[in-house]
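S.K.: I'd like to ask some things about the structure below.
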């Protein structure tokens with residue numbers, strides 16, 4: 001495991017991790033596990049709201065929240081913290097009770113590790129959380145882009161006398177060939193239409 005960690009550290013880190021954990025000894029164990037797996041801990045702080053600005057400045061790839069059993073306020077802070085950041089969250093805890101699970105669901109936690117930490121769980125848990133987060137973001141973008149794609153399809157159907165299916169296949173092929181998102185290609189189609197209309201108005 002140490003050899004794997006050194007291999008990743010010789011290049012870029014596997015992940016940049018922020019850790020919100022009030023127990024210093026537990027943070028040290030977690031830091032060692034992350035580094036052995038090829039990552040780096042970019043931020044360590046107690047689980048408090050005033051750590052939010054630090055997370056936003058650090059812009060980690062993944063956040064690990066580790067509420068302690070001694071402080072009942074900490075689990076309630078999790079949804080407020082995760083709502084203000086743009087990265088996946090993994091929970092590290094001893095508590096598997098219904099209250100903790102409910103707070104984790106409210107916070108949109110995408111991974112779960114139990115204390116005492118088993119180092120071998122860190123890499124797969126963080127990788128799966130990141131993959132789920134990217135899939136979720138892609139779905140969000142696809143939903144947001146749907147009206148734009150529909151408008152671009154309509155323009156292609158009108159300008160090129162294509163069916164709806166043919167217009168969609170044209171957009172998708174352009175996206176694949178240019179390695180862009182479907183929404184980006186649709187925006188280019190609509191931008192070309194706007195530029196053409198502007199040129200026509202300018203020539204009048």
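Rule-based calculations on the coordinates, nothing more; no lab input. On a predicted model such as this, the values are computed, not experimentally measured, just so you know. Using ideal geometry, Cβ is built from the backbone for each residue, glycine included, and neighbour counts are taken over all protein chains shown.
S.K.: Run the numbers on the chain and let me know its relative contact order in percent, using alpha-carbon pairs under 8 Å that are six or more apart.
M.R.: Relative CO of the chain lands at 14 percent.
S.K.: For the range 2-117, what does the alpha-carbon gyration tensor say about shape, rounded, prolate or oblate, given a ≥ b ≥ c as the root eigenvalues, a/c under 1.5 as rounded, and a/b over b/c as prolate?
M.R.: Prolate is the answer for the range 2-117, as a/c is 1.5 or above and a/b outweighs b/c.
S.K.: Now for a separate question. Which angle between 0 and 90 degrees, to the nearest 10, do you get for helix 73-82 versus the longest principal axis of the chain when only C-alpha atoms count?
M.R.: With both axes taken from Cα atoms, the answer is about 20 degrees.
S.K.: Moving on. May I ask for the angle, rounded to the nearest 10°, between helix 164-178 and the longest principal axis of the chain, with both axes built from Cα atoms and the value confined to 0 to 90°?
M.R.: 60 degrees
S.K.: Continuing with this model, one more query. At 0.36 nm per residue, minus the direct Cα-Cα distance, what do residue 162 and residue 121 gain on full extension? Give it in nm, one decimal, please.
M.R.: 9.6 nm
S.K.: Which of rounded, prolate or oblate describes the range 19-80 when judged by the alpha-carbon gyration tensor and an a/c cut-off of 1.5?
M.R.: Judged from the Cα gyration tensor, the range 19-80 comes out oblate (a/c at least 1.5, b/c at or above a/b).
S.K.: Right, another one. Return the whole-Å distance between the Cα centroid of the range 102-134 and the Cα centroid of the range 142-184.
M.R.: So the separation of the two Cα centres works out to 36 Å.
S.K.: Still on this structure: Given points 7 Å out from each Cα along the Cα-Cβ axis, report the residue 86 to residue 28 separation in nanometres with one decimal.
M.R.: 3.6 nm
S.K.: With runs of 4+ DSSP H residues as the only contributors, calculate the mean residue ellipticity of the chain at 222 nm using -39,500 (n - 2.57) per run, divided by the residue total and rounded to the nearest 500.
M.R.: Computed ellipticity for the chain at 222 nm equals -20000 deg cm²/dmol.
S.K.: If you build a Gaussian network model of the chain, linking Cα atoms that sit under 10 Å apart, which residue out of 66, 131, 104 swings the most?
M.R.: Of 66, 131, 104, the most mobile in the Gaussian network model is 131.
S.K.: If one takes the longest principal axis of the Cα atoms in the chain, at what angle in degrees, from 0 to 90 and to the nearest 10, does the Cα axis of helix 182-203 lie?
M.R.: For helix 182-203, the angle is close to 40 degrees.
S.K.: Please give the Cα centre distance for the range 8-52 versus the range 59-96, rounded to the nearest Å.
M.R.: 13 Å
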